[in-house]
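The values are calculated or read from the model by the stated rules, or taken from the named source; none is laboratory data. Given the structure is predicted, the values throughout are model-derived calculations rather than measurements. All Cβ positions, even for glycine, are placed from backbone atoms using ideal geometry, and neighbour counts span all protein chains on display. We work out accessible area using only protein heavy atoms, side chains counted, and drop any ligands, DNA or RNA first. Shrake-Rupley method; radii C 1.70, N 1.55, O 1.52, S 1.80 Å.
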Amino acid sequence: MTTAAGVTCTALAFAVCLVLAGCGSSDNPNARPSAPPDYIQKQADASAHAALPTKPSPAAAASASNAATAAHPLQAAQQAEKSALAQNCAWSVSEDALHKAEALAKQGKADESETAARRALSLIQASLFQCKQQKTAWKNAVVQ
Amino acid sequence: MKKLRSTLAWGLIAVATVVTTTTALASTPQQDQKKFQNYFKAKFPDVKFDNFVNGSAAIDAGIRAQWKSIMEFPPYTFALAHGKDLFNQPLADGQHYASCFDHGGTGIRQTYPRFDTATGQVVTLVSAIQACRQKHGDAPLPPNKGDIAAIAAYMASTSDGKRFDIKIPDDPRALAAYENGKRVFYTRRGQLNFSCASCHLHISGKHLRAQTVSPALGMFAAFPVYRSKWGDLGTIDRRISGCFLKVRAQPLPAQSTAYRDLEYFITYMSNGLPVAGPGARP
């Protein structure tokens, strides 16, 4: 993961440097930068899709890389909770845990959000297991 | 010979299991009701059948003493008067609530919830009040407490003592709604893995911390109730959502299908008991 992030960061920085260099070499300060060669543009696009950076600084790229990592358990938790809610078997504690993870993600606290999302996901998975198990098990409790 | 005996024995066990399971699953609502009521009659032989409408006060002398003390000056009196005023006020188009109900809305609590064959849905007293408002141009009232509880309380008070007579019409959708309510009642939920039945059936009469758990039989007969804990009147939805939260389950919206079907099931199980609403609980 670290290697992938490093490559992403380097490729992006390289592309941006080339663009800036092109711009700086022009004599006319109002001249628009010339388009980078195709292969560099493709690399930059691929990097942008991979890490979703807004500013091509190493720190921002690292932070974006963390966000990309956190997005997976959060999205998985959100999808699982949708399923639990649709079946009327969601837990209040898993809802709370998911909201906490979402709030942390909004604040840009990627690592904390990921931890919270993983906790939410484990709670939601337990609620879904209970739901599945109770589909037939409830019948054992009926008064005879 | 030995092998034949063994095969026969296993065959008999299998047949017995299938028969038992089939019987359990195929029991009719009437059979369910009889077993349900007999369960509580056997569990609390000293409690008169009609007294099951008083919840835990019926089975615990200490709570009964508190409840009698509360009922000397019922805390819902003002809400009841407010409910009567609201009931008699005209709706947006000048019509009254009375126009939406049989017998002008008087003395009908014992017939709710009922299954509406036109819509294929269970209609509770609360949902009927809300539907009446919408029919006559008013917005639904906020759920669970306040005016909706006050109007329902007034309507319940006009049925005081009438015996519940919930019907399940000969319609597969009605039976499905009943079965869904039964499933909701017995299904464990929440992080604490409790069902309605865990508390209000299997351990009813016992203590959960300082509380005596009330029996499910007659549970909704006194609703809406004034709970000291709430400090005002609340509907059945409010109570169910409170239970969901206690077991750490996510509550459902008021008057959701699951809540209405659950009310249908529990009230049907309580057929024959008198209406005792509004009530008061510690």
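Legend: calculated FRET efficiency, A:Lys82 to B:Glu179, from the Cβ-Cβ distance at R0 = 25 Å, rounded to 0.05, equals 0.45. Based on DSSP H segments of at least four residues, each scored -39500 (n - 2.57), chain B has a per-residue ellipticity at 222 nm of -14000 deg cm²/dmol. Taking label positions 7 Å along the Cα-Cβ direction at both B:Ile203 and B:Lys167, the computed distance is 4.0 nm, reported to one decimal. Among residues other than B:Asp93 with Cβ under 10 Å from its Cβ, the summed charge is 0 (Lys and Arg +1, Asp and Glu -1). Note on chain B: with charges restricted to the Cβ of Lys and Arg (+1) and Asp and Glu (-1), its dipole about the Cα centre is near 1440 debye.
Taking the inverse of the mean 1/r over every pair of distinct Cα atoms in segment B:31-78 gives a Kirkwood hydrodynamic radius of 12.2 Å. Taking R0 as 30 Å, what's the FRET efficiency between B:Asp85 and B:Asp46 from their Cβ-Cβ distance, rounded to 0.05? It comes to 0.15.
The A-B contact accounts for roughly 1700 square angstrom of buried accessible surface, both chains included, probe 1.4 angstrom.
One quarter of the surface of the convex hull around the alpha-carbon atoms of chain B equals 17.9 nm², the direction-averaged projected area.
When a 1.4 Å probe is rolled over the protein heavy atoms, the share of accessible surface on segment B:87-180 that falls to carbon and sulfur comes to 50 percent. Modelled label-to-label distance, B:Lys135 and B:Gln95, 7 Å Cα→beta-carbon offset: nm? Computed distance between label sites B:Lys135 and B:Gln95 equals 0.5 nm. Each Cα pair under 8 Å and six or more residues apart adds its sequence gap; the mean of these over the residue count of segment B:168-269 is a relative contact order of 34 percent. Take the Cβ atoms of A:Asp111 and B:Gln191, set R0 to 25 Å, and the FRET efficiency comes out at 0.45. Taking the dipole about the Cα centre of segment B:145-253, with the C-beta of Lys and Arg at +1 and of Asp and Glu at -1, give me whichever of B:Ala210, B:Gly146, B:Cys196 is farthest to the positive side. So the residue we want is B:Ala210.
If one puts a single equal scatterer on every Cα of segment B:130-282 and applies the Debye formula without solvent, what log₁₀ I(q)/I(0) results at q = 0.09, 0.16 Å⁻¹? The calculated log intensity ratios at q = 0.09, 0.16 Å⁻¹ are -0.29, -0.99. Distances between placed amide hydrogens fall under 5 Å for B:Ala249 paired with A:Ser92, B:Gln191, all partners being 5 or more residues away or on another chain.
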